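A short worksheet on the structure shown next.
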Amino acid sequence: MTAPPEPQVIDFSPNDLAALQALGRRLGKLVARGDVICLNGPLGAGKTTMTQAMAQGMGLPADQPVTSPTYGIIHEHWGKHQEEYRGAPRREHQGQLPLFHLDLYRLGGAEEELLELGIEDYLYGDGVCVIEWPDRLGQLKPAVRLEVEIEFSGPTGRRVSLRDHAAGWTARLARESISQG
Ligand SMILES: Nc1ncnc2c1ncn2[C@@H]1O[C@H](COP(=O)(O)OP(=O)(O)OP(=O)(O)O)[C@@H](O)[C@H]1O
Ligand SMILES: [Mg+2]
């Protein structure tokens, strides 16, 4: 078996909250159906903040806020289809892509527990899956994905690196900067 190619790395240095939010909104505008986005970083690094900004960039309404779930592990955001589609991650929907926000912090990492939650319906579903503490997925982590690493570089500064694991993000970002001239 040949090893998969090394993922391309793209680095950013948002030096305050607003800059990280702007990056999140920018990524949210570039998402595609079936995307899996893994958010890595220590407690308080800004994973939930990044998810909120992505939701904004995806055009999800502000009145269905992305929160840091105290008990919940999976939060579904169906935007304008909220009532129709709740709890049906594989259902067809029009226009607006749903966001599935997974915060796996409280999971031990047992595969059975994840499978019982129906995790695969989200990972291989019809929306965009954004995952905090993605290493809890172990072997279940999809091969095709965007890995985001958020590190502290000061009180409000962060370093954010994107690793594109064959999900076309490098091309998407390149196309975006060309179209912006
Ligand atoms: N540049 C920055 N980027 C992101 N968050 C920042 C920045 N500067 C300050 N903050 C603050 O840091 C906190 C980040 O909290 P957040 O809940 O997003 O972290 P998290 O990575 O999701 O943590 P957890 O692992 O507990 O889920 C927020 O209170 C936010 O206002
Ligand atoms: Mg969080």
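The values are calculated or read from the model by the stated rules, or taken from the named source; none is laboratory data. On a predicted model such as this, the values are computed, not experimentally measured, just so you know. Every residue, glycine as well, gets a Cβ built from its backbone with ideal geometry; the counts of neighbours run over all protein chains shown.
Couple of notes before you dig in:
- Subset tally (residues that are within 11 Å of ligand 1 (Cβ to nearest atom), under 14 Å from the mean Cα position of the chain (by Cα), under 19 Å from ALA19 (Cα atoms) and of a type in the set (D, E, K, R)) for the range 117-167: 0
- Selection within the range 134-156 - without any contact (Cβ under 8 Å) to a residue 40 or more places away in the chain, surrounded by fewer than 19 Cβ atoms within 10 Å (Cβ to Cβ) and under 20 Å from ILE73 (Cα atoms): GLY138, GLN139, LEU140
- All of (1) more than 27 Å from GLY157 (Cβ to Cβ); (2) modelled with pLDDT under 90 hold for GLY138 with one exception: (2).
- Qualifying position, being surrounded by fewer than 16 Cβ atoms within 10 Å (Cβ to Cβ), farther than 18 Å from LEU146 by Cα, of a type in the set (Gly, Ala, Ser) and within 10 Å of ligand 1 (Cβ to nearest atom), among ALA62, ALA18: ALA18
- The range 40-77: number of residues that are more than 20 Å from GLY127 (Cβ to Cβ) and within 13 Å of ligand 2 (Cβ to nearest atom): 9
- Residue, nearest to GLN96 (Cα to Cα), within the range 41-51, restricted to residues that are buried (at least 23 other Cβ atoms within 10 Å of the Cβ) and more than 6 Å from ligand 1 (Cβ to nearest atom): THR51
- Residue, farthest from CYS38 (Cα to Cα), within the range 157-181, restricted to residues that are of a type in the set (D, E, K, R) and in contact (Cβ under 8 Å) with a residue 12 or more places away in the chain: GLU176
- Qualifying residue in the range 4-24 (condition: within 19 Å of LEU99 (Cα to Cα) and part of a loop (DSSP other than H, G, I, E, B)): no
- Pairs, first closer than 26 Å to LEU43 by Cβ in the range 97-120, second away from ligand 2 (no atom under 16 Å from the Cβ) and at pLDDT below 90, C-beta under 6 Å, six or more apart: PHE100/GLU76
- Filtered residue count, the range 25-47, keeping only those that are within 22 Å of PRO142 (Cα to Cα) and either outside any helix (DSSP H, G or I) or at pLDDT below 95 (or both): 13
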